[in-house]
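The values are calculated or read from the model by the stated rules, or taken from the named source; none is laboratory data. Computed from a predicted structure; not experimentally measured. When we count neighbours, we look across all protein chains shown, and the Cβ atoms used for this are built from the backbone with ideal geometry, even at glycine. Surface areas here come from the heavy atoms of the whole protein model, side chains and all, with no ligands, DNA or RNA. Shrake-Rupley method; radii C 1.70, N 1.55, O 1.52, S 1.80 Å.
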Amino acid sequence: MIATAEKDISLLEQSWMDAWVAKDRAMCERILADDFLLTSARGTLMSKSEWIAGAMGPFVCSAFHWEQIQVRPFGDVAIAHGRARQHASVAGQDWSGVFLVTDVWVRRHGQWQVVSRHGTGPLVE
């Protein structure tokens, strides 16, 4: 069960970021829980609807790659710690670089959804 959770969430992490790059609203809606909350690297809190509005609009990502990801399952909850590189912009301002991300996933009715993300960066390399 644990190995499956680690694999499933790693795949969902990639699917979520692929959906952002592709502007796939339906996939983002499925992956993000209704009570999702992001603590952004810009110091703001964003709900699911705010994140999706941004991701489908002024948050543009042309490339996203997980350099590291480690999933720690705890039953129906899992924490994913990652280091990612992205080429992105927010409202026309460059937002590219390396970011550290911590996501909290919850399995409800047999389906994993992300309920929280905390991001920091871009890091100085």
How far apart, in nm, are two points set 7 Å out from the Cα along the Cα-to-Cβ line at Lys23 and at Arg108? 2.9
Accessible area of the chain belonging to carbon and sulfur atoms, whole % at 1.4 Å probe: 57
Find the centroid of the Cα atoms in region 4-45 and in region 62-88, then give the distance between the two in whole Å. 10
Which value in deg cm²/dmol, rounded to the nearest 500, describes the helix-derived mean residue ellipticity at 222 nm for the chain, given -39,500 (n - 2.57) per DSSP H run of n ≥ 4 and division by the residue count? -9000 deg cm²/dmol
Would you kindly derive the ³J(HN,Hα) couplings of region 117-125 from the backbone phi angles with the Karplus curve 6.51 cos²θ - 1.76 cosθ + 1.60 (θ = phi - 60°), listing them in order in whole Hz, with x for Gly and Pro? 9, 10, x, 10, x, x, 6, 7, 9
When every protein chain stays in place and a 1.4 Å probe is rolled, Glu50, Glu125 sorted by accessible area with the largest first are Glu125, Glu50
So who's got an amide H within less than 5 Å of the one on Leu37, skipping anything under 5 residues away but keeping other chains? H placed 1.01 Å off N, in plane. Ser116, Arg117
Does anyone have the angle between helix 2-22 and the longest principal axis of the chain? Alpha-carbon axes, 0 to 90°, nearest 10? 30
The chain: most fluctuating residue of Gly43, Gly57, Gly110 per GNM, C-alpha cutoff 10 Å: Gly110
Give me the accessible area per residue for region 5-125, probe 1.4 Å, as a whole number in Å². 52
If the chain between Val124 and Ala91 were fully stretched, how many nm would it gain, using 0.36 nm times the residue separation less the Cα-Cα distance? 9.7 nm
Added length on full extension, which subtracts the Cα-Cα distance from 0.36 nm per residue, Leu45 to Arg72: 7.3 nm
